[in-house]
Structure formats: C-alpha cells, structure tokens
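J.: Sharing a structure with you now.
The values are calculated or read from the model by the stated rules, or taken from the named source; none is laboratory data. Treat the numbers as computed from the prediction; the structure is a model and nothing was measured. Cβ atoms come from the backbone with ideal geometry, glycine included; neighbour counts cover every protein chain shown. Surface accessibility is based on the protein's heavy atoms, side chains included, excluding ligands, DNA and RNA. Shrake-Rupley method; radii C 1.70, N 1.55, O 1.52, S 1.80 Å.
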Amino acid sequence: GGPSRLRQIIITGNTYTKEKVVRRELALREGDRFSRTLLMRSQQNIFRLGFFEDVQVDFRPADSSDVDLYFKVKEKRGGTASAGAGFSSESGLTGFIQLGHNNLFGNGQAVNIQLERGARRNTINLSFTDPWFLDSRTTFGASIFNRERVTAVFASGNTGQQLEIREVRRGGSLRLGRPIKWIDFARGFIT
C-alpha cells in the first residue's frame, strides 16, 4: 500500500534511564513517514548509548495506514568500580580506587572518580560529562585533578646525599563538543 506514518512511538523497559534520554536518540519522530532505514538507525543509536543489553523493535497497525512503533529496551548495570595496589621501588606501596557511572541518575551523564594514594604519590581525578548539555546536541565536560609526587634524587658530587623533590600539580579542563554534520558519528571538541 501507500507509505505509512508514525502515529506513536512507545518506549518500554527503561526503569532507570529517563525516557527523554532514549527518545533524543531516535532518528524518527511521531508524524514522520515510516522509514526502515531510520528505524534501524534509531535502534543502533539507542544500543550505542551503552545503557542497554537489548533493544527490540516492533510496530503495529494503527488507524488507516499509520503504525505505532515500539522500542523495548533491557537495561544493564551502568556503574563501574575497581581497586588495586602495587609496589615499585620509585613509588613504594600504592593503592587506588576508581569509581564511575555512565548514566548518572538516568540522565545519560557520566561521572568518574579516581583516587590513588601511596607513600610517594597522591592523585585525585574527578570528571563529569553531559552529552546533551541543556537538552541540546552540545557535549559539555569538566575535569579537575590534584597530583602530588615525591621523587628521590642524588645530589651532585660524591657526598652521597639524597634529596627529595616534591612536585604538586593542580588543574582542570572544560570541554565543549558538537556533532560534525557531514561525518556520521563524529564530534568536534574544544578543550
């Protein structure tokens, strides 16, 4: 028959992720002409978020030749945690903890925290990224860090004295990015 239009797009299975996070990845909108190419693109975009184990698509006839489109998603856990310890002659005993979440509060935002502590090294890194800053296609990110390191060096001459140099670095960065229209899946960033 003739081309169908999308009457409704219904998203189910997202218990943690907010619906707007899924809906903004759709290449199709309600009222658009049905396109299998855009349907596949939408399914891939949702899956590429990394929040879902499975993304199933179904459509059912609505009024006349219109169709209703159903996206059924199955969420997966979004957080990561790791910890460890190591020893080296330069740094001594060092331990670290790293925590991250790529779907903070179901908003699609990412946060990472890294702590490293040892006899000669202390590091703290914090970062936050919002891929849809203020509900626009602009990506915003911010990072801050504090690094302290003590390095032992030998003094010049035959004195055999050992000196310790304490290095402290503190700083941060801001990132802004936008999609590059003529290249699929590419973004340009200013940091």
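J.: Regarding the range 40-95, what's the average projected area of the Cα-atom convex hull, expressed in nm²? Intermediate values should be presented prior to the final figure.
T.: On the way: hull surface 24.0 nm².
Mean projected area for the range 40-95: 6.0 nm², to one decimal.
J.: Taking only Cα atoms, what is the 0 to 90° angle, nearest 10, from helix 36-48's long axis to the longest principal axis of the chain?
T.: 30 degrees
J.: Follow-up question, since we're still on this one. Taking θ as phi - 60°, what are the ³J(HN,Hα) couplings along the range 172-183 by the Karplus curve (6.51, -1.76, 1.60), each to the nearest whole Hz, with x for Gly and Pro?
T.: x, 8, 10, 10, 10, x, 9, x, 8, 4, 8, 10
J.: With a probe of 1.4 Å, find how much accessible area the range 18-82 has per residue, and write the answer as a whole number in Å². Present the calculation step by step, with values, prior to reporting the outcome.
T.: On the way: 3990 Å² over 65 residues.
For the range 18-82, the per-residue accessible area is 61 Å².
J.: Over 24 Å between Cα atoms: which of Lys72/Lys181; Lys76/Lys181; Lys20/Lys76 fall into that group? Numbers along the way, then the final one.
T.: On the way: Lys72/Lys181 29 Å; Lys76/Lys181 30 Å; Lys20/Lys76 18 Å.
The answer is Lys72/Lys181; Lys76/Lys181.
J.: Along the range 84-92, what does the Karplus equation 6.51 cos²θ - 1.76 cosθ + 1.60 (θ = phi - 60°) give for ³J(HN,Hα), rounded to whole Hz, x for Gly and Pro?
T.: x, 9, x, 9, 9, 5, 6, 9, x
J.: When the helix-only estimate is applied to the chain (DSSP H runs of n ≥ 4, each -39,500 (n - 2.57), divided by the residue count), what is the mean residue ellipticity at 222 nm, nearest 500 deg cm²/dmol? Could you put the intermediate results ahead of the total?
T.: On the way: 2 runs with 18 residues, N = 191.
After summing the helix terms and dividing by residue count, I get -2500 deg cm²/dmol.
J.: Using the Cα gyration tensor of the chain, with a ≥ b ≥ c the square roots of its eigenvalues, what is the shape: rounded (a/c below 1.5), prolate (a/b larger than b/c) or oblate (neither)? Each step should come with its number before you reach the end.
T.: Values: a/c = 4.35, a/b = 2.96, b/c = 1.47.
Because a/c hits 1.5 or more and a/b exceeds b/c, the chain counts as prolate.
J.: Which is farthest toward the positive dipole end of the chain among Ala81, Thr191, Val67, measuring Cα position about the Cα centre, with Cβ charges +1 (Lys, Arg) and -1 (Asp, Glu)?
T.: Among Ala81, Thr191, Val67, the one farthest towards the positive end of the dipole of the chain is Thr191.
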